[in-house]
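One structure is given here, and the rest of the page talks about it.
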Amino acid sequence: MGLLRVFEDDGYQAEYSLLVLNDPAVDWPDEEPEIPHYRDRGDTPNGTFAGSGAGWIYADAPGLDGHLVRLELHDEPPPPGELQFDEVLETPYRSSSGTISLASVTSGPGDQVDLELGDAEWFRVRIALRREDLGERPGFHPGFRSHWLLQFWPDTAVAAPVWLARSEAVSGPLLAQDLEAILRWTPQLPLQTSIPDLAKRLLVSEADVRDGLTTAEQSGLLHDEGKEPLRLTLGPAAGA
């Protein structure tokens, strides 16, 4: 069938320069491990562009832009769109109520439901952003319009996030959050990987990955249990 449902908002206000989507009725069952909701800590790190977790999606959204947000539900992975996007991330998402809504940093969606996702608990979402330069207009300052496309589809095979497009260089502290996100969505830790594999998944240079790993270890987000290959686990090393 392909595309099942669509929601659009042509006047979204990005409070604190963040695009926020929340599950309007979060009710998680008792579960293991002790940190529930697939290793959510209760915060919402969005790294270099966007992040997801149990009932939340946060993404950098330039505060002075106008924002057009389109949400789509598909029954299978949608093909890449014809439009070119500046930033694209695919990441898992966990749904409690089977619905999702646009919200803001300081206020949740309340009872508002913007997109019905259905009964599936586990989804994958492709988060894409394209910024349109509006140029010079008489009587107006130059500005930009942000076009957002978030495409959801059911996916019980939880797989770590992967970055499909980047428009700007990344910084160590924010890339450290992206590395942590990969571990948060890895079902079985430690993650055995390599610098080249991480660079390909993150769409950055190998030097950027090394800097990000150093920052992540120094800040206690993760630690490496072995150097060749890498064996990455969440949190600081024992005794650190």
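The values are calculated or read from the model by the stated rules, or taken from the named source; none is laboratory data. Predicted, not measured: the structure shown is a model, and the values here were computed from it. So basically every Cβ, Gly included, is an ideal-geometry build from the backbone, and we count neighbours across all protein chains shown. The protein model used for the area step is the full one, side chains on, heavy atoms only, and it has no ligands, DNA or RNA in it. Shrake-Rupley method; radii C 1.70, N 1.55, O 1.52, S 1.80 Å.
Against the list (1) open to solvent by less than 30 Å² (accessible area, probe 1.4 Å); (2) at pLDDT 90 or above, the condition Gln177 fails is (1).
Considering region 8-18, the residues that are in contact (Cβ under 8 Å) with a residue 60 or more places away in the chain and open to solvent by 50 Å² or more (accessible area, probe 1.4 Å) include one that is farthest from Gly47 (Cα to Cα), namely Glu8. Being open to solvent by 20 Å² or more (accessible area, probe 1.4 Å) and without any contact (Cβ under 8 Å) to a residue 60 or more places away in the chain holds for only one residue in Arg70, Arg131, Arg126, Arg145, and it is Arg126. Kindly indicate the residue of region 95-123 that is part of a strand (DSSP E or B) and not polar (S, T, N, Q) and also farthest from Tyr16 (Cα to Cα) among those meeting that condition. Result: Trp122. Would you confirm whether any residue within region 163-170 is open to solvent by less than 60 Å² (accessible area, probe 1.4 Å) and touching a strand residue (DSSP E or B) at 6+ places or on another chain (Cβ under 6 Å)? Within region 163-170, one or more residues are open to solvent by less than 60 Å² (accessible area, probe 1.4 Å) and touching a strand residue (DSSP E or B) at 6+ places or on another chain (Cβ under 6 Å). Residue-level analysis places Ser146 among those that are touching a Pro at 6+ places or on another chain (Cβ under 8 Å) and among the hydroxyl-bearing types (Ser, Thr, Tyr).
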